[in-house]
Structures are given as structure tokens and as C-alpha cells.
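Taking it in order: structure first as C-alpha cells, then the write-up.
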């Protein structure tokens, strides 16, 4: 089992403890709701069970068996990137490549391809990279105690990352951005 799989299993176990319901019971709750869209299910779980965004999101994926890892299953890392950066997003691939070249100098970490992004992990996830739109790559960062700026945007609590940086050109992969990513990398283990 990969460290990512272990982390997801630990999160699901913790959700079961918090709610006092087994995964089977939680899955039945979702099915009985009649909801089929991920966002609707996530919001229902937040409302009905009092879960935070991250837990509700993970539980929605677990009950629907729709997580990004399964969506990317059977594809190589390059195939996932080819899919992520296809069509109008193809021009963003050099940004992704510049980010990965800089991050690769930090040391060892795990690259976990997902359907819409790439998760970067040590003991825990430190960054997420992927097209946020056809004009930018979003860099989600997990780190604490860093003051937000116009560029380093703080995200709402309970999400998958604490900060986001929107990168529109490879030139924006600069010392400031790399320093933030390195801080997240070091905090992850």
C-alpha cells in the first residue's frame, strides 16, 4: 500500500470514528440521499454529518469510488500529464515541467498522478500541480504560518491545501515561488 493509500485509509478510519458509522453505513447514507454529483454529496455530508470540507470530499470519493487516483489508474505519469495538458491547455506544460525541474532538486518525494492534477508527497502531501484553467497552472501548497500575499493566496480552512499560487508563464517559476514550495516540502517530512 502506498503512503497515499495509507493516508486515505487513515482519513476514512478517522471519519468512521467521528461519525460512529461504518463505511458501509456511510455509503448507504449517500445512496439513500439520491444525490449523484460529487459536489452535492460532499455538501450533504458536511451538512448532515458536520464534516469539514476535506473529510467530506474524501468520503464522497470513497463512497462513489471516484477518487482521482482511480481515474488515473493504468496510466503512466507521462500519459496523465499528456491528458492534463492537452488541447487548449497544451501551452501550460512548460510551466509544469519548470516546476517539476525545480522541485526535483529538493530531494526525494512521491509523485501521485490524479485525474485533474498531480499530488506531490513526502510523509504527507506538500503540493498539488495542475491546470486551473486553460491559461494557468495552479500550485496548491500545504504549509502553516506563512502570511498570504496578493500572489500567495490563502484558501479556506478544511480544503486540500492552505495556499494557492496561479502561474501563467514559466518565467513565474521564480525564487519566491520555489522558496514557498521548498518550505511546504520541508514541512511535509
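Side notes on the structure shown:
- Ranked 19, 169, criterion: other C-beta atoms within 10 Å, fewest first: 169, 19
- The reciprocal of the average 1/r between distinct C-alpha atoms defines the Kirkwood hydrodynamic radius, which for segment 77-187 equals 13.9 Å.
- Once C-alpha pairs closer than 8 Å and six or more residues apart are averaged by separation and normalised to the residue number of segment 3-66, the relative contact order reads 38 percent.
- By the count of other C-beta atoms within 10 Å, a proxy for reagent exposure, 185, 106 are ordered fewest to most as 106, 185.
- Spacing of the two label points (7 Å from each Cα toward its C-beta) at residue 102 and residue 43, in nm: 3.6 nm
- Once the Kirkwood radius over Cα pairs is known for segment 3-66, the Stokes-Einstein relation at 4 °C and 1.567 mPa s delivers a diffusion coefficient of 113 µm²/s.
- Adding -39500 (n - 2.57) for every DSSP H run of four residues or longer, then dividing by how many residues the chain holds, sets the calculated 222 nm ellipticity at -14000 deg cm²/dmol.
- Legend: ranking of residues 146, 165, 137 from fewest to most surrounding C-beta atoms inside 10 Å; resulting order 146, 165, 137.
- In the chain, the ratio of gyration radius to Kirkwood radius, Rg to Rh, stands at 0.98 when only Cα atoms are counted.
Bear in mind these aren't lab numbers, they're just calculated from the coordinates by the rules spelled out. Predicted model only: the values in this text are computed from it and were never measured. Cβ sites come from the backbone with ideal geometry, for glycine too, and all protein chains shown count toward neighbours.
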